[in-house]
Amino acid sequence: MSLIIDYQQPPSAKRKMRKSTCLAAMLSSLCSIGSAQDVLLAGHVQRVVLQPSGTEHCPPPCPPALPAVAGKPQAVCISNTGGCQMMEVKVDHVYRGVVPSQTRQFSSRIGEFGPSFPVTQKQIVVNEEDGKVSWSFVDNRNGKIFIDPKRLRSVAGIASATQGDGEWVALDEVLARKHGHEH
């Protein structure tokens, strides 16, 4: 998350600042590191890559600094992001969306509490909606896939858990509730 704070300026400088802020916001949304397509899949992590902000595939969290006016900065940007993370997953099964190859990459910003992508050999379920990535380990019980609703809180806008008890839920039941909302 980034926060940009404006300083008090004369009206002409404020208009320029608003235009610059709008342009920076538009460019930031165009340079999003998230994928444009929503997807839900099960698979195995092949690799996780961490990158500092300002490197290839990890744009800086703040817009470029504007020139100072009368020796004073026009804005200050405060960010608690710690760079970017990328996870490559070998696809076992696609539940929602389209994955044109055997692997799928997921990217996101690293939050203030550090990287969140798992480095594991266990099967996981990954959900990406509107560029936001969440995942859960898989607990396979009698051929049914169960997910942790504390890690993967929703699928296509439908809450994973029906109650707040935090018990693992069957993925097919979550998907059935999703399809029940579409009709």
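Search the structure for amide H atoms under 5 Å from the amide H of VAL133, placed 1.01 Å from N in the peptide plane, and list their residues when 5 or more places away or on another chain.
Those lying under 5 Å, H to H, from VAL133: there are none.
From the phi angles alone, apply the Karplus equation (6.51, -1.76, 1.60; θ = phi - 60°) to the range 93-106 and give each ³J(HN,Hα) in whole Hz, x where the residue is Gly or Pro.
Here the 3J(HN,Hα) series is 7, 9, 9, 8, x, 10, 10, x, 9, 7, 10, 9, 9, 10 Hz.
Could you pull out the chymotrypsin sites (Phe, Trp or Tyr not before Pro) across the range 53-147 that fall in loop regions by DSSP (anything but H, G, I, E, B) with no more than 16 other Cβ atoms inside 10 Å? Before the final figure, lay out each step's value.
Numbers: sites: TYR95, PHE106, PHE113, TRP135, PHE137, PHE146; in loops: PHE113.
Here the sparse-neighbourhood loop sites are PHE113.
Starting at the first residue of the range 56-68, write each ³J(HN,Hα) from the Karplus equation 6.51 cos²θ - 1.76 cosθ + 1.60 with θ = phi - 60°, in whole Hz, x for Gly and Pro.
4, 6, 9, x, x, x, 10, x, x, 5, 7, x, 5
Could you give me the ³J(HN,Hα) list for the range 79-89, computed from phi with Karplus coefficients 6.51, -1.76, 1.60 and θ = phi - 60°, whole Hz, x at Gly and Pro?
Result, ordered by residue: 9, 10, 7, x, x, 10, 10, 10, 10, 9, 10 Hz.
The numbers here are math on the coordinates, done by the rules we state, and not lab data. Source: prediction; values computed, not measured. Cβ sites come from the backbone with ideal geometry, for glycine too, and all protein chains shown count toward neighbours.
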